[in-house]
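The next block holds one structure in the form of structure tokens; read it before the comments.
The values are calculated or read from the model by the stated rules, or taken from the named source; none is laboratory data. Just so you know, these numbers come straight off a predicted model, no measurement behind them. When we count neighbours, we look across all protein chains shown, and the Cβ atoms used for this are built from the backbone with ideal geometry, even at glycine. Accessible surface is based on the protein model in full, side chains and every heavy atom, while ligands, DNA and RNA are left aside. Shrake-Rupley method; radii C 1.70, N 1.55, O 1.52, S 1.80 Å.
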Amino acid sequence: MYWEAVASYNAAFPDQPMVAQYESHLNLMQVHVPDEMAQNFSDSDALRILLHNQILLDWVDHAYTYGVVYLEQQFHSPTMSMDIFHEINDERIQCLLHYGTPPAISQWDG
């Protein structure tokens, strides 16, 4: 989704394309979402925040492995909603079929 969001942003603002931050000192906006608003936080909200912070596409791709581990842990949690899990997992599988497995940043692997 982030790749498409960056492409859409760049098409909408060709004179000011999204340029990822590469400096040693990054400026990131922290997000504060009150508990009562968390249910309304959407993919679009997350994508806007990533774009605003000029997050590198590689960073988001690298987070895939973390996300899979997190979902696996949540799947075994008694509080995990199976409807939500299946919805997320179905979307994940569709993205994998369309884009393939995102590459990890080998220097960051532990």
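Brief remarks on what is shown
- If R0 equals 30 Å, the separation of the Cβ atoms of residue 1 and residue 79 corresponds to a calculated FRET efficiency of about 0.70.
- Counting heavy atoms of the protein chains alone, residue 61 has an accessible area of about 20 Å² for a 1.4 Å probe.
- Residue-normalised convex hull volume from the C-alpha trace of the stretch 38-110: 120 Å³ per residue.
- Per principal axis, descending, Cα span of the stretch 28-72 in whole Å: 29, 28, 16
- Centre-to-centre, using Cα atoms only, the stretch 62-106 and the stretch 43-61 are separated by 17 Å.
- Per residue, the chain exposes 78 Å² of solvent-accessible protein surface, assessed with a 1.4 angstrom probe and all protein chains in place.
- Taking amide H as placed 1.01 Å from N in the peptide plane, the amide H of residue 56 sits under 5 Å from that of 21, each at least 5 places away or on another chain.
- Carbon and sulfur %, accessible surface of the chain computed with the full protein complex present, 1.4 Å: 57 percent
- Dipole magnitude of the stretch 45-100 about its Cα centre (Cβ charges: Lys, Arg +1; Asp, Glu -1), debye to nearest 20: 120 debye
- Nearest 10 degrees, 0 to 90: helix 2-12 Cα axis against the chain principal axis: 30 degrees
- Long-range amide H partners of residue 18 with built H, under 5 Å: 10
- When shorter helices are ignored and each DSSP H run of at least 4 residues is given -39500 (n - 2.57), the per-residue value for the chain at 222 nm works out to -17000 deg cm²/dmol.
- If the chain linking residue 53 and residue 94 were pulled fully straight, counting 0.36 nm for each residue of separation and taking away their Cα-Cα distance, it would gain 12.1 nm.
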